[in-house]
1. Picking from Pro60, Pro78, which residue would you name as being in a loop (DSSP other than H, G, I, E, B) and of a type outside the set (Asp, Glu)?
2. Check Ser110, Ser103 and return the single one that is modelled with pLDDT under 90, among the hydroxyl-bearing types (Ser, Thr, Tyr) and in the same structural domain as Trp47 (by TED's automatic domain parsing).
Amino acid sequence: MRNKKWTRIMLILAVGIGFMLVHEASAETPKNIRQENGLLVYEPPKWFLNGYFLAREKDPDYLFGTVEDFVKTLDGRPTWLIEDQELERVKMAELDGRKIEYSLYLEEASTHQTAYWVFVVLPYETAEDWYRGRRAYHGRKAETYYGKTRDELKEVLARGCKITGELRFLIEMGELSSQIPEEAIMKRAKCRPVLDLHTGRKP
C-alpha cells in the first residue's frame, strides 16, 4: 500500500511539474515577446536591405553580403520588428529630412524556438561619417576602438560596397547569446562573408 501511495504522489508531482514547464514555455511566444517589449511589425527601407553589413561592433573581421541575402539564409520565418518608441524617433527624424541610427529586430520563428537578430541601421555615406557616429558615443576612446576599422571601411567603400547595417546581438531562448554575431553567422547561418576586412580580399 505504501509503495502504491508513493507512486501516486510521484505521478501527481510529475504531471504538475510537466504542466508548469509547458505553461512557462508557451508563455514565451513571439506574440507575448512582442507585446512585452513594444515591438511592432516594420518594413525596413530598401537602401538598408540592399546594403552590406558588419556583424561585430569592435574590430570586425569580415564584411557580409546584403542584409536581404542574409534574411534568405535563415531557416525560420523572418519578420522585421521595431520598438514603438524607436519608431517614433525615426518618424521625427524623417520629418526633419534626417537619417539616423536605429535598431531593428529580425525575428526568426521556427518550430524549435524564436530567435532575434538585432541590427543597427547605419545611414552613413562615408567611413568618416561612420566614425563620427561612434565618436559621439565613445568620445576620445573612439580612436582606440574604431580607428582601425574606419581605415578598413575607407577601402571597402572605395570599391563601391555600401554598408548600411551592423548586426549587433543575437537573442535566443529569451537570453542574450554569448556568441558574437559574426561567429554565430559563420557557424549557423548559410551566409558567408564577401570580404576579409584585414586583408582586403575574399575569404
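The values are calculated or read from the model by the stated rules, or taken from the named source; none is laboratory data. Remember, it's a predicted structure, so these values are computed and weren't measured experimentally.
1. From the options Pro60, Pro78, the qualifying one is Pro60.
2. That would be Ser110, the only listed residue that is modelled with pLDDT under 90, among the hydroxyl-bearing types (Ser, Thr, Tyr) and in the same structural domain as Trp47 (by TED's automatic domain parsing).
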